[in-house]
Amino acid sequence: MKIGVFDSGLGGLTVVQALTQVIKGAELFYIADTKHAPYGEKSPEQILRYSLDITNYFLKEYQIDVLIIACNTATSAAIQTIREQYPDLIVIGTEPGIKPAFEQTQTGKVGVLATPATLKGEKYQQLAGTLSAQKEVVLYEQACPGLVEQIEKGEIHTDKTREMLLSWLDPMKKNDVDTIVLGCTHYPLVSEVIEHVMERRLTLIHTGDAIAKRLLSLGEQTGHRNEGALKISLFSTANISNEIVHNIIGREIDAKTINL
């Protein structure tokens, strides 16, 4: 099985890390589209174009069987079009885990940290509206402009990142939020800082594990034998930090720069 995974930067590697715990006997190709990062502040038309260019690259160069859009923003903007244009390709998207958050909250107060584009997206708005009608939960939604850039620079434990999170999380802390949806694949990388700022026992929801289980299930349906090694190749459209790659994946992987 050949798997293509992409994100606007290194955040999608949190999904890859989850895949390494479950998927075997496959080749995985990851593209960090750092040249166009962050997607969360681009128009839907731009994000769709980037997503289609990457999908075409994966298919032309590596004949992938599966595409994983390891980005909430790109999933919202592009997954429907990609599925329509490539009906034979297995396409798995990333969505904010607000459904499990609604199920797991004890206080009935749920926080959502996401990019501006994800929060404004039609799919998120529909899901939030449907769930709110089914269960009485108060949602505290917070766009986090600039956080992806901080993470990409490796500035996870710096004063600036902590101050950004302090301002965004203050209303959640004051209102007894006990469950926070990490609505961007980059955000699990600042989980420790979030927990420190909130000063309480928290449930943090991110979707890497769910994607890995979904891929395993779909792979088995198409005859994939989940045995042997998982080979990972890493590409980027601009410079990336090898140190962050190592910290997320837990092993050295040299990145190759490609032009998209």
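Remarks
- Residues in the range 76-118 that are more than 30 Å from residue 200 (Cβ to Cβ) and either of a type in the set (Phe, Trp, Tyr) or outside any helix (DSSP H, G or I) (or both): 86, 87, 88, 89, 90, 91, 92, 93.
- Every residue from the range 42-68 that is crowded, with 16+ Cβ neighbours inside 10 Å and in contact with a helix residue (DSSP H, G or I) (Cβ under 8 Å, 6 or more places away or on another chain): 42, 44, 47, 48, 50, 51, 55, 64, 66, 67, 68
- When residues in the range 188-215 are screened for being within 18 Å of residue 19 (Cβ to Cβ), touching a Leu at 6+ places or on another chain (Cβ under 6 Å) and assigned to a helix (DSSP H, G or I), 2 of them pass.
- When 169, 127 are checked against the criterion of being in a helix (DSSP H, G or I), modelled with pLDDT under 95 and over 17 Å from the mean Cα position of the chain (by Cα), 127 stands alone in meeting it.
- Selection count where residues are in contact with a strand residue (DSSP E or B) (Cβ under 9 Å, 6 or more places away or on another chain), in a helix (DSSP H, G or I) and not hydrophobic (A, V, I, L, M, F, W, C), scope the range 229-252: 1
The values are calculated or read from the model by the stated rules, or taken from the named source; none is laboratory data. Since the model is a prediction, treat every value here as computed from it, not as a measurement. Methodologically, a virtual Cβ is constructed for each residue, glycine included, from the backbone with ideal geometry; neighbour enumeration extends over all protein chains shown.
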